[in-house]
Amino acid sequence: MNGGNVIVERERGLLEVERRIADLRSANINQRVDFSAEIAALEKKYETLQRELFGSLTPWEKVHMARHPSRPTSLDFIAQFDRFDELHGDREFRDDPAVVAGFALLSGRAVMAMGQQRGRDTKENLRRNFGMVTPEGYRKVRRLAHTASRLGLPIVTFIDTKGADPGIASEEHAQSEAIASCLYEFTQAGVPIVATIIGEGGSGGALALGIADHVIMLEHSVYSVASPEGCAAILWGDASKAEEAASRLKLTSADLQQFGIIDEIVGEPLGGAHRDPGAVIATVLGSVSAAVERFARSSPQELREARYRKYRRIGAWQTERQEDVGLPIR
Amino acid sequence: MAIPDWLLRRRGKNAESRDAALWTKCPVCGEVLYRRDLSANYDVCPKCGHHFRMNAYDRINMLIDGDFTEIGDEILPGDPLGWVDKKTYPVKLAGDREKSGISEGVVCGIGSIDGFEIALGVMDFHFRGGTMGTVVGERVTLLLEEARKRHLPCIIFTASGGARMEEGMYALMQMAKTTAAVTRLKEDGNFFATVLTDPTTGGVSASFAFEADVILAEPKAMIGFAGRRVIEQTIRQKLPDQFQTAEFLLEHGQIDMVVDRHDLKTTLVRLLQYTQ
């Protein structure tokens with residue numbers, strides 16, 4: 001399922017060098033022959049290669065980085081909270097494993113944590129529908145966001161989905177209404193909301209967990225109005241032009257920070273978050289926790305008001321090009 | 001249909017020429033129809049009842065008694081992403097303006113319907129497939145805010161292929177912006193209704209379209225989150241014809257009524273009578 005990932009393919013070349021370094025190291029110890037010079041040379045080659053392969057990524061390469069099978073998932077982040085108790089179900093029909101949610105402790109503070117959850121192998125991906133959430137999943141999100149708001153618990157979300165599930169049953173069960181009701185609940189919640197895009201953020205299915213007082217994005221994650229494949233299919237009737245769509249959509253963290261659509265970028269090690277997940281997760285949780293504490297000082301009314309103003313501003317009025325074409329500025 | 005003053009001003013000398021194409025063919029029954037007969041029948045095929053996609057101003061003209069004061073009509077699209085594919089985005093927009101006779105995908109304003117003053121928004125599929133970019137989001141938000149300020153009921157007719165790709169994440173964020181405005185309107189006790197027309201999908205259906213107190217739809221309108229083609233590609237089989245029609249949604253508990261276009265005005269007025 002992860003075949004064709006350009007990042008995974010690149011890593012194969014690196015893996016070979018890694019293996020040779022490891023071989024030489026063990027030979028160095030076992031045979032009492034000094035291979036230090038060879039090891040140093042290989043390490044240098046490894047570093048150069050890594051910089052060449054990952055030093056600067058195109059938008060399309062970032063899409064593949066965001067989809068990398070080893071990239072940390074929502075549960076990998078949530079597992080590093082002080083505590084987590086998963087809660088289940090929409091109270092109407094079923095529990096959707098494509099989204100996880102529950103009470104959690106973050107730096108000693110009780111919060112509601114949630115995120116779309118893709119599988120870490122094929123079997124889990126099938127069970128979790130590749131992180132594509134159904135209406136039942138969104139209703140679980142809405143229910144627990146409401147509970148959090150009522151109990152005064154900050155909401156911490158992790159976004160990682162290609163998009164909402166596009167199936168027959170999802171349409172029968174009102175996917176549109178399910179997503180819309182999440183948006184409604186998140187604009188209304190009188191508690192701090194902090195969202196982090198950790199992998200792929202695709203379309204309304206991602207935004208359903210994305211209305212927040214503070215939005216963080218991992219450096220190589222992507223966030224877009226539709227998946228590049230979807231965009232290419234919609235505009236040009238040809239999903240194979242996804243690479244071109246990726247370059248046009250301005251879906252990288254740097255673009256979106258410039259647009260004022262996200263608030264903070266957390267950097268990744270060379271080669272991506274999965275090269276050092278522990279450090280990346282710790283940095284993200286530090287940022288999330290700091291943001292939660294900052295917004296926790298505001299009253300529910302102040303939070304709603306500030307969130308309204310934040311989203312009210314996004315759009316035509318804040319783009320520079322509006323002025324270029326002589327449009328009225330308010 | 002007589003053309004009211006506000007519409008004459010809006011369309012200028014083009015007011016009559018839009019009817020210049022004399023004949024049109026019903027895509028459902030194949031009947032060849034005289035354009036004037038069709039518009040006299042609210043763009044509904046007299047033979048089979050097929051509801052043609054309506055121009056926003058024709059729709060407003062059909063509903064509103066006298067004057068219609070537009071909101072946000074001075075707000076026009078920019079090009080925040082500098083989008084280029086076969087054409088640049090501004091060139092595409094110029095073509096849409098030419099084709100549709102409107103300046104963006106929605107027309108919003110205040111007017112009266114059978115004596116009830118309402119805030120009315122009407123989307124038009126002929127402009128970039130009714131997609132929601134920042135202008136549609138801004139105009140709809142201004143309408144909802146004006147309705148709240150003046151304690152008016154708000155009615156929005158939707159027709160949309162979803163979020164507008166050429167404005168990227170700015171377009172997606174309009175779902176958040178319009179939702180925030182709906183939240184405030186409803187908190188203040190205003191009545192909010194939507195009428196879903198063919199088609200209503202994606203970012204519009206998953207935001208304000210399905211956040212209304214009462215949701216109506218026109219017969220056979222295609223309504224859903226994912227487009228039919230996307231679903232067919234995902235499940236690798238053909239979908240039944242009835243799937244995602246207004247009637248299908250009514251049966252599945254997603255909307256309140258399916259209303260023929262001829263009965264829309266009286267139905268909306270009846271609903272407004274309960275909420276005054």
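Please treat every number below as a calculation from the coordinates, not as lab data. Note that the coordinates shown come from a computational prediction; the quantities given were computed from them, not determined experimentally. Cβ: placed from backbone, ideal geometry, glycine included. Neighbour counts: every protein chain shown.
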Unpaired by the 4.7 Å Cβ criterion, cysteines found in chain B = B:C108, B:C154
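Scale the Cα Rg of the protein assembly as shown by the rule-of-thumb value 2.2 N^0.38 Å and send over the ratio, two decimals.
Numbers: Rg = 26.0 Å, N = 606, 2.2 N^0.38 = 25.1 Å.
Here the Cα radius of gyration is 1.04 times the empirical estimate.
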Percent relative contact order of region A:152-295, based on C-alpha pairs within less than 8 angstrom and at least six residues apart?
-> 23
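What do you get for trypsin sites (Lys or Arg not before Pro) in region B:93-163 restricted to DSSP loop and a cutoff of at most 15 other Cβ within 10 Å of the site's Cβ?
Working: sites: B:R97, B:K99, B:R128, B:R139, B:R148, B:K149, B:R150; in loops: B:R150.
Within region B:93-163, the qualifying trypsin sites (Lys or Arg not before Pro) (loop, at most 15 other Cβ atoms within 10 Å) are B:R150.
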Debye calc, one equal point scatterer per Cα of region A:1-139, no solvent, log10 I(q)/I(0) at q = 0.12 1/Å comes to -0.72
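Normalised by the empirical 2.2 N^0.38 Å for globular proteins, what value does the Cα Rg of region B:22-154 take?
Values: Rg = 16.8 Å, N = 133, 2.2 N^0.38 = 14.1 Å.
This ratio for region B:22-154 stands at 1.19.
Can you give the FRET efficiency to the nearest 0.05 for B:F243 and B:K149, using r as the Cβ-Cβ distance and R₀ = 60 Å? The partial results should precede the final answer.
Working: r = 41 Å, r/R0 = 0.68.
After rounding, the FRET efficiency stands at 0.90.
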Per-selection Rg to Rh, chain A - Cα, Kirkwood hydrodynamic radius | 1.02
Order of A:254-260, B:106-112, A:272-278 by packing, highest average Cβ count within 10 Å first?
-> B:106-112, A:272-278, A:254-260
Based on the Cα atoms of region A:6-55, what semi-axes does the equivalent ellipsoid have, where each is the square root of 5 times one gyration tensor eigenvalue, given in whole Å with the largest first?
-> 25, 12, 4
How many percent of the alpha carbon pairs in region A:162-313 exceed a separation of 17 Å?
-> 67
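Expressed in whole Å with the largest first, what are the equivalent ellipsoid semi-axes of region A:216-299 derived from the C-alpha gyration tensor as the square root of 5 times each eigenvalue? Display every interim value, and only then the final one.
Numbers: eigenvalues 180, 60, 17 Å².
Over the Cα atoms of region A:216-299, the ellipsoid semi-axes are 30, 17, 9 Å.
Relative to the Cα centre, what is the charge dipole magnitude of chain B, using +1 at the beta carbon of each Lys and Arg, -1 at the beta carbon of each Asp and Glu, and rounding to the nearest 20 debye? All intermediate terms of the calculation are to be shown ahead of the outcome.
On the way: 33 positive and 38 negative charges, 150 e Å.
I would put it at about 720 debye.
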Would you kindly derive the ³J(HN,Hα) couplings of region A:11-22 from the backbone phi angles with the Karplus curve 6.51 cos²θ - 1.76 cosθ + 1.60 (θ = phi - 60°), listing them in order in whole Hz, with x for Gly and Pro?
-> 5, 4, x, 5, 4, 4, 5, 4, 5, 5, 4, 4
Compute the signed sum of charges (Lys and Arg +1, Asp and Glu -1) over the other residues within less than 15 Å, Cβ to Cβ, of A:A279.
-> -2
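What order do you get for A:31-41, A:45-55 when each peptide is scored by the mean count of other beta carbon atoms within 10 Å, highest first? Before the final figure, lay out each step's value.
Details: A:31-41: 11.4, A:45-55: 14.3.
Top of the packing list down: A:45-55, A:31-41.
Got the relative contact order for chain A handy, in percent, Cα pairs under 8 Å and 6 or more residues apart?
Working: 586 pairs, mean separation 49.6, N = 330.
Computed over chain A, the figure is 15 percent.
To the nearest 20 debye, what charge dipole does region A:6-55 have about its Cα centre, counting +1 at the Cβ of each Lys and Arg and -1 at the Cβ of each Asp and Glu? If you can, show how the numbers build up before the last one.
Working: 9 positive and 10 negative charges, 12 e Å.
The dipole of region A:6-55 has a size of about 60 debye.
Note the direction-averaged projected area, equal to a quarter of the hull surface, for the Cα convex hull of region B:81-150, in nm².
Details: hull surface 22.1 nm².
Averaged projected area of region B:81-150's Cα convex hull equals 5.5 nm².
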Taking the dipole of region A:1-135 about the Cα centre (Lys, Arg +1; Asp, Glu -1; charges at Cβ), the one of A:L53, A:N125, A:I78 that reaches farthest to the positive side is A:L53
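With all pairs of different alpha carbon atoms counted, what Kirkwood hydrodynamic radius in Å does region B:53-274 show? Don't skip to the answer; put the middle values down first.
Values: mean 1/r = 0.0569 Å⁻¹.
Radius from the Kirkwood sum: 17.6 Å.
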Candidate lysines for bridging to B:K25, where Cα separation is under 16 Å - those fewer than 8 sequence places away on the same chain excluded = B:K47
What are the radius of gyration and Dmax of region A:67-194, computed over its Cα atoms and given in Å?
-> 14.0, 43
Out of residues 5 or more away from A:S107 or on other chains, whose amide H comes under 5 Å of its own, with H placed 1.01 Å from N in the peptide plane?
-> A:D82
